[in-house]
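Report on the following structure.
The values are calculated or read from the model by the stated rules, or taken from the named source; none is laboratory data. Since the model is a prediction, treat every value here as computed from it, not as a measurement. Please note: Cβ atoms are built from the backbone with ideal geometry, for glycine as well, and neighbour counts cover all protein chains shown. Side chains included, ligands, DNA and RNA excluded: accessible areas come from the protein's heavy atoms. Shrake-Rupley method; radii C 1.70, N 1.55, O 1.52, S 1.80 Å.
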Amino acid sequence: MATVLLLRHGRTTANASGGLAGRQPVELDDTGRAQAARAGERLKELPLVAVVSSPLIRCRQTLELATPGTEPVLEDGLIECGYGDWEGRPLKELAKEPLWPVVQHHPSAVVFPNGEAMAAMSARAVAAVRSWDARVTEEHGPEAVWLACSHGDVIKAIVADALGLHLDQFQRIVADPASITVIRYTPGRPFVVRVNETGELASLVPPKSDGREKAADSDAAVGGGAGGGV
């Protein structure tokens, strides 16, 4: 199967001020723009066959800097979790809410007031990525590399699914602004190749198959031969 790179958007004004942006139209700050540009320096070594994005402006701004000249396809399944009444509030204030420890330790049970269930967020994000990955593989072959730009909690939920973890464990995963996480789905299971990556990416391009085995069926091709760990 293809290789998907999950890019978190760069730092926003809400990240800098300690607020929960949610689906509000917050934009990248100067640090976030610099982060996105640096991500682009790493991504330019890769032959991306598709670029998909959350429709929120902070993701679109990130891709304008990281993948200039591309026209990302907007995917609603990758949008930020709907935090409802929590959106726009300071995190230090939200930390005093009775729901906060549930979010941290039992997120599968959380439904945000007038918002989305975290389990629903996870399900639609995982479905979107797996659907796009299958489409990219069908159209471009198992050696294709593609990019999806999304949000911290969304990426963490996708990684948890790929690792076979319950959603209640997804808070153990880190996805910093402008970091890249890499997953390869195969018919048997996904391989999480890198998490929260801020270094080189060129070694992620799979070698061309010599026809003796299918890359998607080889543990070495999708795991041990990836050229780096998490």
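Selection over the range 37-77 of residues that are of a type outside the set (D, E, K, R) and in a helix (DSSP H, G or I) gives a count of 12. Exactly one residue among Val4, Val26 is under 19 Å from the mean Cα position of the chain (by Cα) and part of a strand (DSSP E or B), and that residue is Val4. Please determine whether any residue of the range 57-66 is touching a residue at least 60 places away in the same chain (Cβ under 8 Å), closer than 18 Å to Thr181 by Cβ, open to solvent by 10 Å² or more (accessible area, probe 1.4 Å) and not β-branched (Val, Ile, Thr). No, that holds for no residue.
Here is a yes/no grid of residues against (1) more than 22 Å from Leu63 (Cα to Cα); (2) among the β-branched types (Val, Ile, Thr):
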site: Phe112; (1), (2): yes, no
site: Ala119; (1), (2): yes, no
site: Ala125; (1), (2): no, no
site: Ala128; (1), (2): no, no
site: Ser131; (1), (2): no, no
site: Val136; (1), (2): no, yes
site: Glu139; (1), (2): yes, no
site: Ala144; (1), (2): no, no
site: Ala148; (1), (2): no, no
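Kindly provide the set of residues from the range 175-205 that are β-branched (Val, Ile, Thr) and more than 19 Å from Thr31 (Cα to Cα), ordered by number.
Answer for the range 175-205, where residues must be β-branched (Val, Ile, Thr) and more than 19 Å from Thr31 (Cα to Cα): Thr181, Val182, Ile183, Thr186, Val192, Val193, Val195, Val205.
Could you tell me whether Asp176 is open to solvent by 20 Å² or more (accessible area, probe 1.4 Å), of a type in the set (Asp, Glu), on the phi < 0 side of the Ramachandran plot and in a helix (DSSP H, G or I)? Spelling it out, it is not the case that Asp176 is open to solvent by 20 Å² or more (accessible area, probe 1.4 Å), of a type in the set (Asp, Glu), on the phi < 0 side of the Ramachandran plot and in a helix (DSSP H, G or I). Hey, does the range 92-107 have a residue that's surrounded by 15 or more Cβ atoms within 10 Å (Cβ to Cβ), at pLDDT 95 or above and not in a helix (DSSP H, G or I)? Among the residues of the range 92-107, not one is surrounded by 15 or more Cβ atoms within 10 Å (Cβ to Cβ), at pLDDT 95 or above and not in a helix (DSSP H, G or I), which makes the answer no.
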